[in-house]
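Worksheet: one structure, shown below.
The values are calculated or read from the model by the stated rules, or taken from the named source; none is laboratory data. This one's a predicted model, so the numbers in the text were calculated from it and none came from an experiment. With ideal geometry, Cβ positions are generated from the backbone for all residues, glycine too; neighbour counts draw on all protein chains shown. Note: accessible area is taken over every heavy atom of the protein model, side chains too, but ligands, DNA and RNA are not part of it. Shrake-Rupley method; radii C 1.70, N 1.55, O 1.52, S 1.80 Å.
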Amino acid sequence: MRPKLLTISAIALVGALGLLAGSQTWVSFMVDGTHSVEAVAGHEVNAAVSPISIAIVAAALALTIAGPVFRRALGVLVALLGAGLSALTISVLAAPLTALTGTITSLTGISGEATTDLVVWSRLSAWIWVCVVAGVLAAILGLVVAVFSGTWAAGGRKYDAAPRPADVSTNTPDRISDWDALSGGDDPSDGEADDAGRKR
């Protein structure tokens, strides 16, 4: 598989993986006084996860038709999107309960600093780590595009104009040259007659 197709396919798959991970449960928790476990998906914890993942997929599609200069710009964009996706996910990893304050408030009606104190149990899902990996891979692939996309083969060669075949025949009469010869007082048919005589 060619490097261009392989890289673009990898970027699209990484973006799709981030989108899938964002739709899955990231954090499960239980509030004091209840016996039910609440599950919160990634796009509920951080609404920017899904749009960033979609933008990575869109950038992969744009790379299929982009020229050399635009490829590098898209590569930088993918790298930034991947870094942003990882940063957003890591922020949830660092303080998962803080990211859940809105959800806890909607469940209990309590807001403020005491919101997180109501959580008696919580657990992180493996999908949050999948999203981190997707962001890191997108950042790496974006840098690969920015640095190496200039070596990708250019498309559209089949639409290039075909070179005109060279005129290899030296015996084909040239009417313009004959007319010029007549204007100079020469008879171009003399040479043809001599050639005919030799052939006989």
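Side notes on the structure shown:
- Alpha carbon Rg of region 3-97, scaled by the compact-globule rule 2.2 N^0.38 Å: 1.33
- When the alpha carbon gyration tensor of region 52-105 is reduced to an equivalent ellipsoid, its three semi-axes come out at 33, 11, 6 angstrom, largest first.
- Where N is the number of residues in region 83-135, Cα Rg divided by 2.2 N^0.38 Å: 1.27
- When only Cα pairs below 8 angstrom with a gap of at least 6 residues are kept, region 1-122 shows a relative contact order of 29 percent.
- Distance from the C-alpha centroid of region 103-145 to that of region 2-33: 13 Å, rounded to the whole angstrom.
- Whole-percent carbon and sulfur share, accessible surface of region 1-83, 1.4 Å: 71 percent
- Distance between modelled label sites at residue 70 and residue 140, nm, 7 Å Cα→Cβ extension: 2.9 nm
- Between residue 6 and residue 111, the simple label model (points 7 Å from Cα in the Cβ direction) yields a spacing of 5.3 nm.
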